[in-house]
Amino acid sequence: MAIVTSRHTGPQRTQAECCYTSALSRDATFCGDCGKPLMRCMAAEECAGLLDDRGLCTVCVTPYLQVDAGALTVAKVGGAVALPMSIGNLSGVQRPLFVTGLWSREASGPWREENLGWERLDAGESRPISVVANQIERAGAHGLQLLVAMASRWRWRQENFAFTANLTLMVEDGSSDKGPVVNIGGESAGHGNLVYISGKSDTKPTHQQSDQAVPIPLVRAEREERRLGLRGLDADKWVPRNAEFSWQGFGEGDAPFDGPILTQDGMLAVGRSRTRLQGGEGDVRMLVFGASGELDETSSLLISRRHFELYIESDRLILRVTAGSGLRVNGNAYGEGKVVSLADGDVISPLVSAPDTVALRLSFRVEHGSARQIIFQRLPQIRK
Ligand SMILES: [Zn+2]
Ligand SMILES: [Zn+2]
């Protein structure tokens, strides 16, 4: 384990400075200066972070990748070069990162999974990985691509991400009987992702080591995230964190204003409690009413004050059951603590024994695979 050097800078800001200042106030939902909605990280309580437009908190998720100093720079002809690299966590707020997968490939070849044997990366820590580049005997440029899957966790929640990194291995004079020489760092360090392999090894010792680490830029790979099932509903459909929630058929003040989830923890609490708008602790109030619109107190008491929670995690709309009595989604019963990913057309029934008494039906408005709007229709509709 190495200590991260000061050469690496802290998290980059992805929103205007005024928004971070406004977000320091726990109850703020919009920036007091520019009016932009404040999309907080699930761990905002600890990181005070805001999400970028693709759902990433740069305070929590600040990985870096480098080819380590001390890499062997001589390889045999026809052999493979094992590049000693390391992945580090630059989080300034002591948030651990979890490296959940690592793959590599040459050019457009198939991904090879690398076995890491570890997962957790504490803030300020870096851990080694080794990536093998095969078939380096041919002269010319060899592309090597890495794919890293990472997760940020907060209580029971987890946000998954994938990043790619590209290296170019330059091979000269592969016919040399001494074998190609891999130069890491030096002149190429300024380019950040160029590893130089030269066959002119006559004057060099057989075992040579690089003396400089080469940082390799990590680029967010959202298509790979969906292909790997790390984010989204499937490869072509996802629910972005800024999707607009729209509430239909509710009584006055029983549902929040239409728009994205702007609570401090990024969750909406649904149940019998009065809403924040009504001076309570809930976000969406669900009670049972009789045929002529009168409150059915007995049935309403079967709905917990906080019956379930709604939030967006890894580009999916998630329901988490918090009621001891459970609930139904599309007729299937789920008990307390169960987590369900919701899709277009789903129906949530809070009362397991009387699912038709009161329910919520979802419909998604999708643009280019992205659910821009999610409509929650209360069934039956409240008569005003
Ligand atoms: Zn602002
Ligand atoms: Zn965060």
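Here are some notes:
- Residues (more than 12 Å from the chain's Cα centre (by Cα), more than 7 Å from ligand 2 (Cβ to nearest atom) and within 12 Å of TYR20 (Cβ to Cβ)) located in segment 46-64: ALA48, LEU50
The rows are residues; the columns are (1) within 16 Å of LEU268 (Cα to Cα); (2) in contact with a Leu (Cβ under 6 Å, 6 or more places away or on another chain); (3) in contact (Cβ under 8 Å) with a residue 60 or more places away in the chain; (4) of a type in the set (S, T, N, Q).
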| position | (1), (2), (3), (4) |
| --- | --- |
| SER300 | no, yes, no, yes |
| ARG305 | yes, no, no, no |
| GLU309 | yes, no, no, no |
| THR322 | yes, no, no, yes |
| GLY326 | no, no, no, no |
| VAL339 | yes, no, yes, no |
| PHE376 | yes, yes, yes, no |
| PRO380 | no, no, yes, no |
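- Where a residue in segment 351-369 is under 28 Å from SER300 (Cα atoms) and its partner, wherever it lies, is open to solvent by 40 Å² or more (accessible area, probe 1.4 Å) and among the aromatic types (Phe, Trp, Tyr), with Cβ under 9 Å and at least six apart: VAL352/TYR334; VAL358/PHE289
- Residues of segment 354-381 satisfying the condition of being open to solvent by 80 Å² or more (accessible area, probe 1.4 Å) and among the charged types (D, E, K, R): ASP356, ARG361, ARG365, GLU367, ARG372
- Residue within segment 114-126 that is hydroxyl-bearing (Ser, Thr, Tyr) and either open to solvent by 20 Å² or more (accessible area, probe 1.4 Å) or within 18 Å of LEU230 (Cβ to Cβ) (or both) present: no
- Selection within segment 8-25 - part of a loop (DSSP other than H, G, I, E, B) and more than 25 Å from ASN160 (Cα to Cα): LEU24, SER25
- Count of segment 236-271 residues which are in contact with a His (Cβ under 7 Å, 6 or more places away or on another chain) and of a type outside the set (Val, Ile, Thr): 1
- Look at segment 47-61: where a residue is part of a loop (DSSP other than H, G, I, E, B) and a partner is more than 14 Å from ligand 1 (Cβ to nearest atom) and of a type in the set (Phe, Trp, Tyr), sitting 6+ places away or on another chain with Cβ atoms under 7 Å, you get LEU56/PHE161; VAL61/PHE161.
- Residue in segment 148-167 that is at pLDDT below 90, open to solvent by 40 Å² or more (accessible area, probe 1.4 Å) and at negative phi present: yes
- Selection from segment 27-43 of residues that are assigned to a loop (DSSP other than H, G, I, E, B) and away from ligand 2 (no atom under 15 Å from the Cβ): ASP27, ALA28, THR29, CYS31, GLY32, ASP33, CYS34, GLY35, LYS36
- For segment 32-86, a residue qualifies if it is open to solvent by 20 Å² or more (accessible area, probe 1.4 Å), modelled with pLDDT under 90 and among the small types (Gly, Ala, Ser), and the qualifying residues are ALA48, ALA69, GLY70, GLY78, GLY79, ALA80, ALA82.
- Test: residue in segment 278-300 that is at pLDDT 95 or above, in a loop (DSSP other than H, G, I, E, B), among the hydrophobic types (A, V, I, L, M, F, W, C) and open to solvent by 30 Å² or more (accessible area, probe 1.4 Å): no
The values are calculated or read from the model by the stated rules, or taken from the named source; none is laboratory data. Being a predicted model, the structure only gives us computed values, none of them experimental. Note that each Cβ is placed from the backbone with ideal geometry, even for glycine, and that neighbours are counted across all protein chains shown. What goes into the accessible areas is simple: the full protein's heavy atoms, side chains included, and nothing from ligands, DNA or RNA. Shrake-Rupley method; radii C 1.70, N 1.55, O 1.52, S 1.80 Å.
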